[in-house]
Amino acid sequence: MSDPLEYDPLNESSAFQQTNAQVHTPYLKELNEAQGKAVEALEGPVLVLAGAGTGKTRVLTTRLAYLLHQNRARPYQILAVTFTNKAAREMQLRLGGLIGKAVDGLWLGTFHALGVRILRRHAELVGLKSNFTILDTDDQIRLLKQVLEAENIDDKRWPARLLISVIQRWKDKGLTPDKVSAGDAGELANGRAKEIYTQYQNRLRTLNATDFGDLLLHCLTLFTSHAEVLSDYQKRFRYILVDEYQDTNVCQYLWLRLLAQGHKNICCVGDDDQSIYGWRGAEVGNILKFEKDFPGARVIRLERNYRSTHHILGAASGLIANNESRLGKTLWTEENKGEKITVRGLWDGEEEARLIADEVETLHRGKHALNEIAILVRAGFQTREFEERFITLGVPYRVIGGPRFYEREEIRDALAYLRIIHMQDDDLAFERIVNKPTRGIGKATIQAVHVLARHLEVPLYIASAKLVESDELKPASRNSLSRFIENIDRWRGLANAVSHFELAELVLDESGYTSLWQKSKKPEAPGKLENLKELITALQEYDTLAGFLEHVSLVMENTENSEEDMVNLMTLHSAKGLEFESVFLPGREEGLFPHQRSLDESGLAGLEEERRLAYVGLTRAKERVTITFVANRRIHNLWQSAIPSRFISELPDEHVEMEGESELYANDTGLEGAGWKHQGASSGGPGWQRFQRRGPAMPLIDADTGTMHGGGEQFFKGERCFHQKFGMGVVSDVDGDHLTIDFDKAGSKKVVAAFVEKP
């Protein structure tokens with residue numbers, strides 16, 4: 001077979017001979033009616049709306065096999081685009097299984113891989129040589145720092161990491177420097193961001209290099225500036241197939257649309273209801289306007305689900321129907337109805353973790369594989385309480401899509417500060433944070449500290465303290481190191497004056513570490529700040545810093561074995577494409593999910609993407625789903641009142657079973673639609689409605705202040721009382737609105753008076 005790069009698109013007869021011969025295709029019998037239509041609709045533009053669990057990968061692969069079996073195209077005349085290398089490999093393997101042999105010559109791969117393939121052939125037309133290099137993120141930042149220095153831009157005021165992320169966003173939108181408007185550039189880099197972008201691109205060309213964003217951006221330039229090149233590829237690719245079309249950004253969309261203008265045989269497979277990556281440039285509008293981009297396009301809906309039960313699909317469909325920006329489809333199954341979605345209201349995050357962990361143990365005792373259980377959270381910090389609980393119970397778990405809580409970069413950094421305060425001999429901790437955040441202590445200074453420490457046979461901390469008293473270091477380095485040592489000494493002195501968790505907050509603030517992430521423009525920065533807040537919460541559960549650090553050491557020893565049967569912990573974003581028999585969805589509260597940041601930054605579009613994320617969570621489950629919310633969450637040393645997520649009220653009654661021993665006061669979110677019984681207006685403030693389930697009362701949430709109160713009752717020492725979580729007890733001390741209570745079963749606890757009732 002000839003190499004596709006040697007194919008002459010002008011010599012059609014040499015490359016392609018269509019035949020009417022029908023090749024035996026037994027694999028078509030395995031398809032349902034809608035899947036069969038999607039496979040056999042070979043001519044013209046086709047949009048396959050493939051709902052969760054409807055067999056989109058089978059359709060894509062079978063369509064490829066069918067094209068080849070029907071002699072509609074040679075392998076090198078087919079362009080098949082995926083989003084990941086894993087998906088490309090899986091498609092290649094499945095195709096080989098259908099065809100009966102390996103298929104060579106296909107243009108099958110990710111956007112970046114295919115972009116490189118085209119660009120290397122035509123590199124000179126965009127000012128590069130064919131052996132250009134592709135820079136990774138570190139090299140990109142290093143190069144941009146050189147540009148900033150040459151342009152006299154303060155890298156501390158305008159960090160290279162921030163500006164490179166802005167440049168990558170422009171590239172994702174298909175914007176070369178000349179197309180960036182003044183409005184797009186704003187006041188970035190003192191109003192010179194567009195100029196910086198230009199200089200950065202010039203430096204890349206000088207180095208004969210690209211970054212990942214260039215791989216498609218240069219192709220766009222190539223296609224729009226050289227009509228003959230575009231025409232070549234338009235004639236070459238008789239058929240184009242695209243996976244996960246809902247996740248394309250603007251640049252990918254423009255690239256595909258240009259290539260498809262030749263034969264117009266483009267088939268895009270995707271699900272507008274699963275577009276959840278807007279934060280990294282994906283445009284759900286690309287799939288929504290497919291019929292406008294390709295007039296006469298066929299839209300085929302894959303709605304028969306092979307994964308989930310009737311109740312799970314009904315709940316998911318009812319939820320996503322609240323989105324306006326969608327093409328619309330309704331999933332169905334021939335499987336049994338199964339269990340209804342369980343929704344449980346709980347007291348706080350600790351009780352939530354305990355309940356879910358107990359249910360996991362119950363399932364496991366019933367021979368349910370742990371590998372088939374997933375806990376899907378909206379924010380990474382939520383995993384911590386579940387990790388702690390599983391470790392206590394000895395239940396093995398894994399965190400997918402990221403490190404476990406205490407293994408995360410920001411947590412390790414924070415722990416290093418606490419370790420060096422607790423024990424000054426901890427050289428590993430000292431070395432980790434001596435210049436984090438950057439404080440002008442360079443490699444030469446650290447090397448000098450190491451040399452002295454080895455000579456005196458003392459820890460790095462002691463060696464540093466001695467070194468700053470000498471003239472061995474340059475004044476600037478000596479002053480920076482001296483201030484760092486002084487801070488550690490001062491923090492160590494405060495250890496007996498304040499609580500260990502208050503000390504941790506103080507250290508993170510005064511060291512500049514919290515500020516480091518507050519100023520960061522990296523997309524993961526908000527999550528890292530949430531994790532640091534969760535660390536403070538974790539510290540409060542231990543009496544001393546020493547006890548906490550010992551606990552962490554034991555946790556870190558709990559190594560993960562990927563072959564072992566383990567519960568899966570991950571964020572909802574990481575769960576896309578996966579499936580499990582049982583799924584737990586904790587943290588369904590307003591502000592947490594939907595996440596307040598998404599609502600603040602993107603308004604209705606943000607809300608709809610959050611709802612699509614909730615839909616993805618539901619449709620990961622095969623057999624059962626448990627949704628939980630809490631009345632109170634402790635975040636950053638503060639108890640915060642919570643109300644159930646609107647996504648709970650949007651679940652259809654017939655698919656949901658409400659549980660929980662609580663009476664809840666909530667904003668008018670329509671909870672009666674999810675099984676709560678309306679009992680009239682409460683005294684909690686204007687606009688608040690009262691919905692009751694079985695059991696004793698939760699505290700009232702004030703609509704105006706957001707605080708809780710328990711009816712204004714006053715308590716005295718020696719008085720018997722009842723707490724929703726800890727049960728009966730006797731008040732032993734009163735300190736304002738805080739009570740110390742000796743509980744009959746839970747021991748002595750300090751609690752907020754609003755959570756306490758008189759029996």
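What to note about this one:
- Residues that are touching a residue at least 40 places away in the same chain (Cβ under 8 Å) and within 13 Å of F584 (Cβ to Cβ), drawn from the stretch 356-372: I356, E359, V360, L363, H368, L370, E372
- Restricted to the stretch 509-527, and to residues there that are in contact with a Phe, Trp or Tyr (Cβ under 9 Å, 6 or more places away or on another chain) and at pLDDT 90 or above, the residue that is surrounded by the fewest Cβ atoms within 10 Å (Cβ to Cβ) is E510.
- Any hit, the stretch 374-395, residues being over 27 Å from W517 (Cβ atoms), in contact (Cβ under 8 Å) with a residue 60 or more places away in the chain and within 18 Å of the chain's Cα centre (by Cα): yes
- Restricted to the stretch 512-545, and to residues there that are assigned to a loop (DSSP other than H, G, I, E, B) and closer than 30 Å to R169 by Cβ, the residue that is farthest from the chain's Cα centre (by Cα) is G512.
- Segments classed as strands (runs of 3 or more DSSP E), wholly inside the stretch 570-655, with at least 2 members that are in contact with a Ser or Thr (Cβ under 6 Å, 6 or more places away or on another chain): 621-635
- Test: residue in the stretch 602-612 that is under 29 Å from L393 (Cα atoms) and modelled with pLDDT of 95 or more: no
- Taking the stretch 54-104 as the range and being among the polar types (S, T, N, Q), more than 35 Å from the chain's Cα centre (by Cα) and surrounded by fewer than 20 Cβ atoms within 10 Å (Cβ to Cβ) as the test, the residues that pass are Q70, N71.
- Test result for L506, within 19 Å of K436 (Cβ to Cβ) and either free of Cβ contacts under 8 Å to residues at least 24 places away in the same chain or open to solvent by 40 Å² or more (accessible area, probe 1.4 Å) (or both): yes
- Of the residues making up the stretch 105-127, those that are open to solvent by 20 Å² or more (accessible area, probe 1.4 Å) and either of a type in the set (A, V, I, L, M, F, W, C) or farther than 19 Å from S231 by Cβ (or both) are G105, L108, H112, A113, V116, R120, L125, G127.
- In this entry, L664 is excluded by the filter for residues that are modelled with pLDDT of 65 or more, of a type in the set (A, V, I, L, M) and either part of a loop (DSSP other than H, G, I, E, B) or within 30 Å of A614 (Cα to Cα) (or both).
Every residue, every condition in (1) without any contact (Cβ under 8 Å) to a residue 40 or more places away in the chain; (2) over 20 Å from R612 (Cα atoms), yes or no:
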| site | (1), (2) |
| --- | --- |
| N249 | no, no |
| A260 | no, yes |
| H263 | yes, yes |
| A282 | yes, no |
| K292 | yes, yes |
| S308 | no, no |
| A315 | no, no |
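Conditions (1) in contact with a Ser or Thr (Cβ under 8 Å, 6 or more places away or on another chain); (2) surrounded by fewer than 19 Cβ atoms within 10 Å (Cβ to Cβ); (3) closer than 17 Å to P594 by Cβ, marked per residue:
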| residue | (1), (2), (3) |
| --- | --- |
| D273 | no, no, yes |
| N286 | yes, no, no |
| L302 | yes, no, no |
| H311 | no, no, no |
| A316 | yes, no, yes |
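- Just one of the numbered conditions (1) in a strand (DSSP E or B); (2) more than 22 Å from H573 (Cα to Cα) is not true of V269: (2).
- The residue that is nearest to M570 (Cα to Cα), counting only those in the stretch 616-660 that are of a type in the set (F, W, Y) and buried (at least 24 other Cβ atoms within 10 Å of the Cβ), is F629.
- Breaking point among (1) in contact with a Ser or Thr (Cβ under 8 Å, 6 or more places away or on another chain); (2) farther than 23 Å from H500 by Cβ, for L393: (1)
- Contact annotation: residue pairs with Cβ atoms under 9 Å, 6 or more positions apart or on different chains, pairing a residue in the stretch 99-114 that is at positive phi with a partner that is of a type in the set (A, V, I, L, M, F, W, C) and at pLDDT below 85, are G105/M1.
- Subset tally (residues that are in contact with a strand residue (DSSP E or B) (Cβ under 7 Å, 6 or more places away or on another chain) and of a type in the set (D, E, K, R)) for the stretch 273-291: 1
- Number of the condition not met by V449 [criteria: (1) of a type outside the set (K, R); (2) open to solvent by less than 10 Å² (accessible area, probe 1.4 Å); (3) over 36 Å from the mean Cα position of the chain (by Cα); (4) closer than 30 Å to H551 by Cα]: (4)
- Members of the stretch 365-403 found to be polar (S, T, N, Q) and open to solvent by less than 20 Å² (accessible area, probe 1.4 Å), listed by number: Q382, T383
- Test result for K474, open to solvent by 40 Å² or more (accessible area, probe 1.4 Å) and either within 24 Å of the chain's Cα centre (by Cα) or on the phi > 0 side of the Ramachandran plot (or both): no
- Scan of the stretch 230-251 for residues that are open to solvent by 10 Å² or more (accessible area, probe 1.4 Å) and assigned to a helix (DSSP H, G or I), ordered by number: L230, S231, D232, Q234, K235, D247, V250
- W279 vs. criteria of a type outside the set (K, R) and in contact with a helix residue (DSSP H, G or I) (Cβ under 7 Å, 6 or more places away or on another chain): no
- Among residues of the stretch 486-513, those that are of a type in the set (A, V, I, L, M, F, W, C) and under 18 Å from D413 (Cβ atoms), counted: 8
- Flag if E469 is at pLDDT 90 or above and open to solvent by 40 Å² or more (accessible area, probe 1.4 Å): no
The values are calculated or read from the model by the stated rules, or taken from the named source; none is laboratory data. In this text the structure is predicted, and so the values were computed from the model without any measurement. When we count neighbours, we look across all protein chains shown, and the Cβ atoms used for this are built from the backbone with ideal geometry, even at glycine. Protein only, heavy atoms only, side chains kept; ligands, DNA and RNA dropped before computing areas. Shrake-Rupley method; radii C 1.70, N 1.55, O 1.52, S 1.80 Å.
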